[in-house]
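Right, one structure below, let's go through it.
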Amino acid sequence: MRSEAVKRVKLVFTLFDADGNGVLESDDFDLMSSRVAAAVPGADEARKQAMRAGFTRYWNALAGGLDADHDGRITYAEYEACVLSPERFDEAVDAFAAGFARLGDLDGSGAVTRPVFIGMLRGVGFDLPNIHALFDAFEPDDADRIGVDVWEAEIKNFYAPDKGGIPADLLAASPAV
């Protein structure tokens with residue numbers, strides 16, 4: 001596994017542990033999806049539901065595949081296994097990426113504006129300078145928008161243990177300046 005992927009795994013675990021109790025639980029995914037939905041008040045209910053469904057599906061895939069002791073909690077040691085066999089979680093990551101990225105396409109144009117992108121990622125818990133650095137790495141158009149398809153593909157890259165040197169690594173870097 002690439003060192004960049006290790007950083008991303010550690011960061012994602014910390015962010016998904018939305019209540020900060022050191023383990024992942026179903027409530028963490030509900031809390032995070034609520035935070036993201038609140039951060040994008042202009043999104044219609046169908047997009048919010050699709051995003052929430054992606055979070056739920058991802059949690060269910062993780063719980064079904066990683067909760068070794070079946071206690072409804074995933075420790076960091078258990079979570080690391082998802083990157084060792086990512087093919088087990090591809091469908092869940094695909095649904096998560098699609099629901100999350102498409103939430104930001106408020107007008108159905110196939111694009112996400114910088115303010116919406118920032119709101120979504122702040123809702124997850126990423127650092128603001130890193131969010132700006134990632135958005136800029138996508139080379140936004142003159143209207144300061146990025147393509148939903150580009151964003152969705154990069155979310156999938158973020159969860160891939162064999163990827164490194166990708167724009168999404170900026171989210172796991174020391175805070176950008």
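General remarks:
- GLY119 vs. criteria under 18 Å from PHE13 (Cα atoms) and assigned to a helix (DSSP H, G or I): no
- Flag for ASP105 being in a loop (DSSP other than H, G, I, E, B) and either under 20 Å from ASP17 (Cα atoms) or acidic (Asp, Glu) (or both): yes
A quick yes/no check of all residues on (1) among the hydroxyl-bearing types (Ser, Thr, Tyr); (2) open to solvent by 70 Å² or more (accessible area, probe 1.4 Å); (3) assigned to a helix (DSSP H, G or I); (4) in contact with a Leu (Cβ under 8 Å, 6 or more places away or on another chain):
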{"position": "PHE13", "(1), (2), (3), (4)": "no, no, yes, yes"}
{"position": "ASP19", "(1), (2), (3), (4)": "no, yes, no, yes"}
{"position": "ASP30", "(1), (2), (3), (4)": "no, yes, yes, no"}
{"position": "VAL36", "(1), (2), (3), (4)": "no, no, yes, yes"}
{"position": "ARG57", "(1), (2), (3), (4)": "no, yes, yes, no"}
{"position": "GLY65", "(1), (2), (3), (4)": "no, no, yes, no"}
{"position": "ARG88", "(1), (2), (3), (4)": "no, yes, yes, no"}
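- Residue in segment 164-171 that is at pLDDT 95 or above, assigned to a helix (DSSP H, G or I) and either touching a His at 6+ places or on another chain (Cβ under 8 Å) or under 23 Å from SER34 (Cβ atoms) (or both) present: no
The values are calculated or read from the model by the stated rules, or taken from the named source; none is laboratory data. For clarity, every value in this text was computed on a predicted model and none was experimentally measured. Heads up, the Cβs are rebuilt from the backbone with ideal geometry, glycines too, and the neighbour counts pull from every protein chain shown. Note: areas computed on protein heavy atoms with side chains; ligands, DNA, RNA excluded. Shrake-Rupley method; radii C 1.70, N 1.55, O 1.52, S 1.80 Å.
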